[in-house]
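The values are calculated or read from the model by the stated rules, or taken from the named source; none is laboratory data. These numbers come from a predicted model, not from an experiment. Please note: Cβ atoms are built from the backbone with ideal geometry, for glycine as well, and neighbour counts cover all protein chains shown.
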Amino acid sequence: MASTLRVGLPRPAAAAATTTTTITSQQLLRSACQQTPISTSRRLFSTSPAALAPGYPYQGVPRDAHGLSIPIPKPSSRNPEIPPYPYGPRQVYKQSNGGLYGSSRIRFGNNVSEKHDVKTPRKWRPNLQRRRLWSEALRCFVQTRVTTRVLRTIDKVGGLDNYLLGDKSQRIKDLGPWGWKLRWRIMQSDIVTERFRAERAALGLGPKSNKAIRDEAISEAVAMGIVPVATGSTSTQALLDETQRMLDTEEDFVIGKDEGFMKEQKA
């Protein structure tokens with residue numbers, strides 16, 4: 001009975017040692033905290049977005065000399081300030097309207113066996129990739145779907161900006177609606193504006209004012225039949241004012257009168 005009681009009771013020496021060790025650890029922890037205080041006045045993190053960091057090439061955020069500028073238009077968005085694409089949206093292989101596909105499209109054909117000339121229908125899709133292309137004019141990366149053939153052309157001409165600024169008719173056809181929007185966007189940047197001004201100076205032409213640009217737009221509209229030709233007492237300024245009024249009120253331009261169209265003739 002005596003041995004059983006001795007085994008069940010806790011040893012006083014062990015309990016005292018445990019208490020002493022615990023007190024010593026707490027004292028060491030308290031002294032360490034007092035020697036190395038944690039500074040709460042210094043900011044350990046930043047809440048400012050990475051897009052506002054100076055010089056950071058953020059994805060899809062153009063940067064001009066004065067800082068952030070208007071964003072890159074989306075492929076599916078409708079932007080009235082962008083001129084319409086001359087060739088209109090593509091009706092075949094419509095997914096090419098949202099990327100740089102060039103003239104590539106899905107093709108259909110057959111696999112023909114050599115022995116029995118058995119035809120098996122198949123199709124060939126363009127080698128399509130999603131890439132982040134650097135734009136010097138926008139100073140940011142532009143993420144888009146692009147074919148490997150267009151990538152090779154971009155490398156040949158010296159970058160995305162030179163590819164988008166091509167002035168040949170086939171290049172305009174290869175751009176598609178999405179490339180046309182990118183072309184308009186980089187033409188609004190400071191770098192491309194200075195480039196065009198330098199080209200005009202090299203050709204011996206003076207800087208083009210906003211009034212000259214407006215007159216050219218009116219002359220093109222008159223040539224296309226969108227705006228009537230000024231005759232007699234109708235002056236150029238009155239025609240410009242009338243056109244500006246129609247643009248402000250969002251009125252429809254009448255291309256041609258339909259008087260007498262499909263009119264029945266007497267037998």
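Assorted remarks:
- Contact annotation: residue pairs with Cβ atoms under 9 Å, 6 or more positions apart or on different chains, pairing a residue in region 90-102 that is farther than 12 Å from Lys181 by Cβ with a partner that is among the aliphatic types (A, V, I, L, M) and part of a helix (DSSP H, G or I), are Tyr101/Val150; Gly102/Val150; Gly102/Leu175.
- For Arg200, the criteria (1) within 26 Å of Pro80 (Cα to Cα); (2) modelled with pLDDT under 95; (3) part of a helix (DSSP H, G or I) hold in every case but one, which is (1).
- Boolean, Gln91 is touching a helix residue (DSSP H, G or I) at 6+ places or on another chain (Cβ under 8 Å), at pLDDT 90 or above and more than 30 Å from Glu199 (Cα to Cα): no
- Residue check, Ser209 of a type in the set (Ser, Thr, Tyr), at pLDDT below 90 and surrounded by fewer than 11 Cβ atoms within 10 Å (Cβ to Cβ): yes
- Any chance Ile226 is among the aliphatic types (A, V, I, L, M), modelled with pLDDT under 70 and assigned to a loop (DSSP other than H, G, I, E, B): yes
- Residue match in region 167-190 (condition: more than 29 Å from Gln91 (Cα to Cα) and of a type in the set (A, V, I, L, M)): no
- A single member of Arg107, Arg132 is over 22 Å from Pro62 (Cβ atoms), at pLDDT below 95 and surrounded by 10 or more Cβ atoms within 10 Å (Cβ to Cβ), and it is Arg107.
- Qualifying residue in region 160-174 (condition: of a type outside the set (Val, Ile, Thr) and closer than 19 Å to Lys74 by Cβ): yes
- The set of residues in region 137-187 being β-branched (Val, Ile, Thr) and over 15 Å from the mean Cα position of the chain (by Cα) consists of Thr147, Thr148, Val150, Thr153, Ile154, Val157, Ile172.
- For region 118-143, the set of residues classified as part of a loop (DSSP other than H, G, I, E, B), of a type in the set (Lys, Arg) and touching a residue at least 24 places away in the same chain (Cβ under 8 Å) consists of Arg139 only.
- Qualifying residue in region 144-159 (condition: closer than 17 Å to Pro71 by Cβ and not β-branched (Val, Ile, Thr)): no
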